Amino acid sequence: MAGEQSASKKPAVITVNTVWCKGCEICVAFCPKDCLEMEGGKCKVARPDDCIKCMLCELRCPDFAITVE
Amino acid sequence: MFDYLQYVRQENFPHIWCSGCGDGIVLKALIRSMDKLGLSQDETVMVSGIGCSSRTPGYVDINTLHTTHGRALAFATGVKIANPDLNVIVVTGDGDATAIGGNHFIHAARRNIDLTVLLYNNYIYGMTGGQCSPTTPRGAYASTAQHGNLEPPFNISGLAIAAGASFVARGDVYNVKKLETLIGKALQKKGFSLVEVVSPCPTAFGRRNRMARPVKMMEQLRDTVVSVEKWEKMTDEERKGKFRTGILKDIEKPEFTAEYAKLIEKMRPEE
Amino acid sequence: MSNDRPGKVRMMQGNQACAEGAIAAGCRFFAGYPITPSSEIAENLSVMLPRLGGKFIQMEDEMAAMGAIIGAALTGQKSMTATSGPGFSLKQENIGYAGMAEVPCVIVNVMRGGPSTGMPTLPAQMDVQQARWGAHGDRGVIALTAKSAQETYEQTIRAFNLAEKFMTPVILLIDEITGHTTEKVIIPDASDIEIVHRKKPDEDPENYLPYRLTDECVPILAPFGTGYRYNVTGLCHNETGFPTNDSHDIQCLIERLTRKIEMYEDDIIRNNELMLEDAEIGVFAYGSVARTAQAVVRMCREEGIKVGLLEPKVLWPFPAKAVFAMAQKVRAIVVPELNLGQMAREVSLASECRVPVHKLGRVDGRPIPPQQLVEKIREVV
């Protein structure tokens, strides 16, 4: 348990594959912590420190373009 | 992070689906379910027909068979009967499975052959440019229903239940974790199992029906989906404009390839 | 078929001989839909296949039956369906798919009269052009024919062998007369029957290309489930099996689908010739009509008319060289057939206007009696 907790405290690394991203904004609209923004028609990671690793952006990305570590 | 890359054919990405199309979300839920169940990529076959959903096989690194319009279940039936050791997943759409392929759909369910069917229901013919399908809601607009659709839609899950499927569930691409669970249960079921996945088409359906933005379509899903448990407690008035998701049928009944194996055993000459 | 051992003599109708031939060829999967006059093929196989561990399924319609045999074939099984005119029409899209995706399978058409529902219980040969051009798109087609139960047995085996060798759907066209006539069939010893199996890949899965371009022009498709994961589609595809829009790849693919049959024509085509050497009148006849024609050759010879017979065993690819050779020898060609000149048209083309080609078409569901053909020949003389 302790290990898991410390792992979850590690800051999230959100990666966007901008070649695969088609800019649908689903990740941006449904991020509960408002970590993401649109820039130039693609998703941009704006506030990674606020990420709680709920994984919803990764789960709902239709383009296989976002990963959260 | 889930590593999808070990299951996809990266050379074919980015995929052909439009921005905000739900089909990629369904594919990811399927891949996670396959991974969780440890399905062998060598021993799994995906069969599809024609349409947007039916382009799914091109992206998955398993044995894949992209067939003719409406006929995925017929091809899949041949694959499964010829080699029952293979896991056979059928990916189809509302037009593919319930219009041109309607006959195969009801008969595969009646036969209760061990196929897992993911039917992406987007209420429209997306690939051909937005013509109305058997699930286009009454009054909705389509390129061939520009005055509003006059026809009542099919209830796809209801159709499968009535035809004799042993497992029927409905999911959606907003509630992705639940969708993954439903697909997992369908994959494990020995018999004809259907997961009807409500998956938005912002391009061909949304733009004609005041939901051009993918986010708008996802919000609509969020606001209209009700779990089967909650649905039971709702009045008819409360149910208006909503639809239920979850397991709609789950029974045990004789499965075709298992019954056929028994027949072969019975016919075997005594030694 | 060699005759090293005497073989077993049995009485059976053509449709049963077809089922026996399929089993002998190694067919272990049949999907069909009831249709007269072909249903006995399905009925026989529904009894025989489960006894051998094979699979039989009656599907919900003709398209489904065709789809199911393609699916089964991709798992490595030798697969077959049987039908008649209207069902053959319904199957065409998926026959085209098997041609495009290069999936070996056998389609038997026990021909009845058309158009439409036509004459369900009466013979015709009205599907010979449908066999060639019934599905949309350009590709090479192999279609065999048979005139007796014995030949139906042998040609069913050959249909499987050609399908496996050239990775293509093969059509066997018999007619209601052949399908429903009970007669003697000599079943050879299994060891005397030549059986062909499709090639297996010899490279490892990492280097495998299902539609690799080779000089042979025939792809090697690994059965599903054997570790070679690839894509099969009816869309234009490249060597990998994935869809392509590349114009060069598409041109290569479609040309190859035609070439892979054309370049092997001499191996595929087989004809019987009867008294053609000194013939003044050539008869071109196939299927049950060829039996009439055999008798007519002798009847005419007794009258002093030098008639010879060219009897193709393979209708597609069309035996153009043999027809051209005949056209150089004879004064006229007569083509009796149970349609209004579907093959006479091909004979005219192949004879390159060297000699007149006379049609004798009968489409009332009755066989052409010898006397009718004799009279036609007298008229031509």
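Out of the residues in region B:211-250 that are among the polar types (S, T, N, Q) and surrounded by 12 or more Cβ atoms within 10 Å (Cβ to Cβ), which is nearest to the chain's Cα centre (by Cα)? Here the residue is B:THR245. Restricting attention to region B:10-42, the residues that are in a helix (DSSP H, G or I) and in contact (Cβ under 8 Å) with a residue 24 or more places away in the chain add up to 15. Could you tell me which numbered condition C:ARG256 fails, if it satisfies all but one of (1) closer than 30 Å to B:HIS15 by Cβ; (2) part of a loop (DSSP other than H, G, I, E, B)? (2) is the only condition that C:ARG256 fails.
B:VAL45 meets each of the listed conditions (1) under 16 Å from B:LEU187 (Cβ atoms); (2) within 17 Å of the chain's Cα centre (by Cα); (3) more than 9 Å from chain C (Cβ to nearest Cβ); (4) not in a helix (DSSP H, G or I) apart from (3).
Selection of first residues in region C:131-146 that are assigned by TED's automatic domain parsing to the domain that holds C:GLY85 and of second residues that are among the basic types (Lys, Arg), restricted to Cβ pairs under 7 Å at least 6 apart or on distinct chains, gives the following pairs, ordered by first then second residue: C:GLY140/C:LYS260; C:VAL141/C:ARG132; C:ALA143/C:ARG132; C:LEU144/C:ARG158; C:LEU144/C:LYS313; C:THR145/C:LYS313. The set of residues in region B:78-103 that are out of contact with any Ser or Thr (no Cβ under 8 Å at 6 or more places or on another chain) and within 12 Å of another protein chain (Cβ to nearest Cβ) comprises B:ASP85, B:ILE100, B:GLY102, B:ASN103. Of B:LEU73, B:LEU65, B:LEU39, all but one fail to be within 13 Å of the chain's Cα centre (by Cα) and not charged (D, E, K, R); the exception is B:LEU73. Of all the numbered requirements in (1) within 7 Å of chain C (Cβ to nearest Cβ); (2) among the basic types (Lys, Arg); (3) surrounded by fewer than 24 Cβ atoms within 10 Å (Cβ to Cβ), B:ARG55 misses one, and that requirement is (1). For region C:324-344, the set of residues classified as buried (at least 16 other Cβ atoms within 10 Å of the Cβ) and out of contact with any strand residue (DSSP E or B) (no Cβ under 7 Å at 6 or more places or on another chain) consists of C:ALA325, C:GLN342, listed by residue number. With respect to the conditions (1) among the aromatic types (Phe, Trp, Tyr); (2) in contact with a Phe, Trp or Tyr (Cβ under 8 Å, 6 or more places away or on another chain); (3) at the interface with another protein chain (Cβ under 9 Å from one of its Cβ atoms), B:PHE75 falls short on a single one, namely (2). Residues considered: B:VAL197, B:VAL168, B:VAL215, B:VAL226. Of these, the only one that is within 11 Å of chain A (Cβ to nearest Cβ) and either part of a strand (DSSP E or B) or touching a helix residue (DSSP H, G or I) at 6+ places or on another chain (Cβ under 8 Å) (or both) is B:VAL215. Checked against the criterion of being part of a loop (DSSP other than H, G, I, E, B), without any contact (Cβ under 8 Å) to a residue 60 or more places away in the chain and more than 14 Å from chain B (Cβ to nearest Cβ), region C:154-168 has no qualifying residue. Checking each residue in region A:5-34 for being surrounded by fewer than 18 Cβ atoms within 10 Å (Cβ to Cβ), more than 8 Å from chain B (Cβ to nearest Cβ) and modelled with pLDDT of 95 or more picks out A:VAL13, A:THR15, A:ASN17, A:THR18, A:PRO32, A:LYS33, A:ASP34.
Taking region C:66-86 as the range and being within 14 Å of chain B (Cβ to nearest Cβ) and in a helix (DSSP H, G or I) as the test, the residues that pass are C:MET66, C:GLY67, C:ALA68, C:ILE69, C:ILE70, C:GLY71, C:ALA72, C:ALA73, C:LEU74.
Counting only residues that are without any contact (Cβ under 8 Å) to a residue 40 or more places away in the chain and outside any loop (DSSP other than H, G, I, E, B), which one in region C:192-207 is farthest from C:ILE220 (Cα to Cα)? Checked region C:192-207; the qualifying residue farthest from C:ILE220 (Cα to Cα) is C:GLU206. Each residue in region C:34-65 was checked for being at negative phi and within 11 Å of chain B (Cβ to nearest Cβ), and 19 pass. Hey, does region B:80-90 have a residue that's within 19 Å of the chain's Cα centre (by Cα), closer than 18 Å to B:GLY101 by Cβ and basic (Lys, Arg)? Scanning region B:80-90, I find at least one residue that is within 19 Å of the chain's Cα centre (by Cα), closer than 18 Å to B:GLY101 by Cβ and basic (Lys, Arg), so the answer is yes. Kindly provide the set of residues from region C:228-242 that are within 8 Å of another protein chain (Cβ to nearest Cβ) and surrounded by fewer than 18 Cβ atoms within 10 Å (Cβ to Cβ), ordered by number. Across region C:228-242, the qualifying residue is only C:LEU235. Quick test of your reading of the structure: C:GLY99 fulfils all but one of (1) outside any loop (DSSP other than H, G, I, E, B); (2) over 19 Å from C:LEU315 (Cβ atoms). Name the failing condition by number. Failed condition: (2). The residues in region B:58-72 that are more than 9 Å from chain C (Cβ to nearest Cβ) and within 18 Å of B:CYS132 (Cβ to Cβ) can be counted, and the count is 0.
No other residue among C:THR152, C:THR121 is β-branched (Val, Ile, Thr) and within 12 Å of the chain's Cα centre (by Cα) apart from C:THR152.
The values are calculated or read from the model by the stated rules, or taken from the named source; none is laboratory data. None of the values given here were measured: they were computed from a predicted structure. Positions of Cβ are backbone-derived with ideal geometry, glycine not excepted, and every protein chain shown enters the neighbour counts.
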